[in-house]
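Have a look at the structure below before the remarks.
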């Protein structure tokens, strides 16, 4: 049985690496599904989008000619050990699914991504962003399907406001080095929990293969700025094919957003 993650490290650093979360034999079929979604997504993108390095909403039905290919993704994101660890991180909160992403390499251009906290996207000012951090907690769980040394995070930044250097880097939307930043190097099969409100960034290197599946979870208020589209989650027949624990887990997500979806607010 896989050991529990270290909650003291989580509280201190805002991230925990889980070495060898997936074996090579487990990575291969998951990558096959994710690459199939990537191919379907790329087919609908313009030619000049070849340097776009991540896609979201892998559970959207249009990416799955065979609807059964969604099921491995849904079971992965609702794995009982993973859900249990999220509950430990949440404490009094109740974790729910939020979204999926898939990170890949650019084809032509190499660059350092901008330092950011996920709360900043769409926030009108610093006060609004700080209120978001108080209302909701977001957590990423990602697994490298090939070696991924491209992620950087500032340990402990999830639990405090910006330093002057972090504030400047985020305002300038710049990459480069922050004094306290740390590179997280994942081997194929390694996984990473990290707090979405941490200061973090990626590096994107043309031609260096990257295949990293990222699932986002949250707990706290149900808010419009974090509300996802329904993707496959209004398909009762599909969801009935999941294990009972997975159905129960996704029921929290559906209950949080179903009225909004039914009003067409996606």
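What follows draws every value from the coordinates through simple rules; no lab data is involved. Computed from a predicted model, the values in this text were never measured in an experiment. A quick note on method: Cβ atoms are made from the backbone with ideal geometry, for glycine too, and the neighbour counts reach across all protein chains shown.
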For the stretch 141-202, which fully contained strands (runs of 3 or more DSSP E) count at least 1 residues that are without any contact (Cβ under 8 Å) to a residue 60 or more places away in the chain and either in contact with a helix residue (DSSP H, G or I) (Cβ under 9 Å, 6 or more places away or on another chain) or at negative phi (or both)?
148-153, 182-186
Scan the stretch 66-79 residue by residue and report those that are in a helix (DSSP H, G or I) and under 22 Å from residue 15 (Cβ atoms).
76, 77
Among residues belonging to the stretch 40-70 that are surrounded by fewer than 20 Cβ atoms within 10 Å (Cβ to Cβ) and under 14 Å from residue 242 (Cα atoms), point out the one that is nearest to the chain's Cα centre (by Cα).
69
Just give me the residues in the stretch 215-249 being surrounded by 20 or more Cβ atoms within 10 Å (Cβ to Cβ) and not in a loop (DSSP other than H, G, I, E, B), in sequence order.
215, 216, 217, 218, 219, 226, 246, 249
Criterion violated by residue 29 - all others in (1) under 30 Å from residue 181 (Cα atoms); (2) in a helix (DSSP H, G or I) satisfied:
(1)
Would you please name the residue that is surrounded by the fewest Cβ atoms within 10 Å (Cβ to Cβ), looking only at residues in the stretch 81-95 that are out of contact with any strand residue (DSSP E or B) (no Cβ under 6 Å at 6 or more places or on another chain) and under 24 Å from residue 229 (Cβ atoms)?
83
Give me the pairs: first residue in the stretch 80-96 and touching a residue at least 40 places away in the same chain (Cβ under 8 Å), second residue surrounded by 14 or more Cβ atoms within 10 Å (Cβ to Cβ) and part of a loop (DSSP other than H, G, I, E, B), beta-carbon distance under 7 Å, and six or more apart or on different chains, which are they?
85/5; 86/95
